[in-house]
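**Q** Supplied in C-alpha cells, the structure appears directly below.
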Amino acid sequence: MENLFKNKTLLILNVVFFVAILVFDILLLCFREPYIYKTIPSVLFVLCGVLNFIYVFKLEQRNKVFKYLMLIGLIFACLGDIVLIDYFVIGAILFAIGHIFFFISYSVLQKIKLRDILIALGIFVVSLIVILVPQIFDFGEMLPVVIVYAFIISFMLGKAISNVIEKEYRFENIWIMIGSILFFLSDLMLLFNVFTDISIVFDIICLILYYPAEFILASSIYYSNIKRVEK
C-alpha cells in the first residue's frame with residue numbers, strides 16, 4: 001500500500017510538471033521571450049527526469065544504466081534548447097549528443113538488431129527526400145550539419161520504433177516511441193522555421209510538439225517501472 005501511495009504521489013508530481021511545462025510553452029508562444037520561457041520549461045523537464053530517477057533508483061535494480069543515460073540525454077537536450085537561442089550550430093551539436101544518449105539508452109532496453117538499422121536508414125532516406133527534393137530550404141553552409149543531425153536523430157527514432165516490436169518493456173517502449181516521434185517531428189518543424197520563408201506556423205507547431213516530447217521521455221524513467229514497483 002505504501003508503494004502504491006508513493007506511485008500515486010509521483011504520478012501527481014509528474015502531472016504538475018507537465019502542466020507547468022505546458023504553461024511556459026504557452027507563454028513562450030504568446031510573448032516570444034526565449035531567455036525566460038524556453039529556459040524554464042527546459043530546466044523543468046530535466047527536474048522531472050531527476051525526480052523520477054531518484055524515486056526509481058531506490059526501488060529497483062534492473063536497467064539502472066538506462067535511467068542514467070536517459071537523464072544525461074535530457075540534460076543535453078536542455079542545454080541544446082537554451083544554447084540554440086543564440087548559437088544554432090552549438091545547440092544542434094548538444095541536441096545531437098542528447099540523441100546519441102537516448103539511442104544508447106534504448107539499446108540498453110533491447111540490444112541492437114539489424115531491424116533497428118534498417119528502420120533507421122529508412123527514416124533517414126525519407127528525411128533526406130523531405131529536406132532536399134522540394135528545394136524549399138535555404139541551408140547554405142549548414143547543409144552538412146543538417147544531414148549529420150538527421151542521420152543521428154533517425155537512428156534514435158528508428159531504435160524507439162523497433163523496440164516496440166519486442167514484448168519485453170512493451171508499455172515503456174510505446175511511451176518512449178511516442179516521445180521520440182514528437183521530438184523528431186518538432187525538429188522537422190524547426191527546419192521549416194529556420195530555413196524557409198514560411199516560419200511562423202512551423203515555429204508554433206515545433207513548440208507544441210517539443211516540450212510534451214521531452215516530458216514523455218523524462219516521465220518514461222518512472223512509468224517503465226510501475227508494474228515492478230507495485231509488485
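**Q** Does the range 63-80 include one or more residues that are surrounded by 16 or more Cβ atoms within 10 Å (Cβ to Cβ), at pLDDT below 95 and out of contact with any helix residue (DSSP H, G or I) (no Cβ under 7 Å at 6 or more places or on another chain)?
**A** yes
**Q** Would the range 185-192 turn up any residue that is out of contact with any Lys or Arg (no Cβ under 9 Å at 6 or more places or on another chain) and over 22 Å from Ile100 (Cβ atoms)?
**A** Taking the range 185-192 as the starting set, the residues that turn out to be out of contact with any Lys or Arg (no Cβ under 9 Å at 6 or more places or on another chain) are 185-192.
Checking the rest, the ones that are also over 22 Å from Ile100 (Cβ atoms) come to 192.
Yes: the range 185-192 contains one or more residues that are out of contact with any Lys or Arg (no Cβ under 9 Å at 6 or more places or on another chain) and over 22 Å from Ile100 (Cβ atoms).
**Q** Name every residue in the range 152-204 that is touching a Leu at 6+ places or on another chain (Cβ under 8 Å), surrounded by fewer than 20 Cβ atoms within 10 Å (Cβ to Cβ) and β-branched (Val, Ile, Thr), in order of residue number.
**A** Ile181, Ile204, listed by residue number.
**Q** Being out of contact with any Gly (no Cβ under 8 Å at 6 or more places or on another chain), within 20 Å of Ala218 (Cα to Cα) and hydrophobic (A, V, I, L, M, F, W, C) is the filter here, so list the residues in the range 101-143 that pass it.
**A** Result: Phe103, Ile104, Val108, Leu109.
**Q** Moving on to the next point. Would you list the helices (runs of 4 or more DSSP H) that sit entirely within the range 77-195 and hold 2 or more residues that are among the small types (Gly, Ala, Ser) and over 22 Å from Ser42 (Cα atoms)?
**A** Counting at least 2 such residues, we get 114-132, 143-164.
The values are calculated or read from the model by the stated rules, or taken from the named source; none is laboratory data. This is a predicted model, so every value here is computed, not measured. Positions of Cβ are generated from backbone atoms using ideal geometry, with glycine treated the same way; all protein chains shown enter the neighbour counts.
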